[in-house]
Each structure stands twice: as structure tokens, then as C-alpha cells.
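The values are calculated or read from the model by the stated rules, or taken from the named source; none is laboratory data. Please read all numbers here as calculations on a predicted model, not as lab measurements. For neighbour counting, all protein chains shown are included, and Cβ atoms are generated from backbone atoms with ideal geometry for every residue, glycine included.
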């Protein structure tokens, strides 16, 4: 297994005294994410740097937060939006 020794940084918005936060690090070609509580033996998520930039930009603009999007309207059971439409 590849040995990684990135410079880890703790999330600036860590709550609960840091118990509910993640750390990020970088290696050539990847951003690494891990759980602060399980630094030594926990899993490390590896993502493409471009994907990480899109993800963090979405969070900063609130586009990825669940409360940023209206809930979809629900239909009555058994109805379909194209029912009765000419096809």
C-alpha cells in the first residue's frame, strides 16, 4: 500500500470541540480526506483536485446544502405527469 505523508489540515468549521470534523491533505494529483477521530487507522478518501474544488465551491455558495434546495412537489399515488398528454 502506498505511504502517504501529506500536510493535514483540520476543517475550519469543526463543531463539537472537533469531534465531528474532517481533515484534508494533498498529494500529487489528489486531495485526501479523513476523519479526525480515527487519524491513524481510519479510511482515507482520495478525490480528484478538480472535483474537490467543485465540491467546496458548492458548499461555500450553499448549492450543496440540503436546505438550499426546495423539496420537490409530490404527486398523488397513481398519477403520472404525462397522463393524458399527447405522445
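Just the residues that are farther than 15 Å from residue 6 by Cβ and in contact (Cβ under 8 Å) with a residue 12 or more places away in the chain, please, taken from the range 18-34.
18, 19, 21
Every residue in the range 4-36 that is in a loop (DSSP other than H, G, I, E, B), surrounded by 14 or more Cβ atoms within 10 Å (Cβ to Cβ) and modelled with pLDDT of 70 or more, please.
Matches in the range 4-36: 6, 8, 11, 21.
Just give me the residues in the range 42-62 being at pLDDT below 85 and assigned to a loop (DSSP other than H, G, I, E, B), in sequence order.
Once the filter is applied, which keeps residues that are at pLDDT below 85 and assigned to a loop (DSSP other than H, G, I, E, B), the range 42-62 yields 61, 62.
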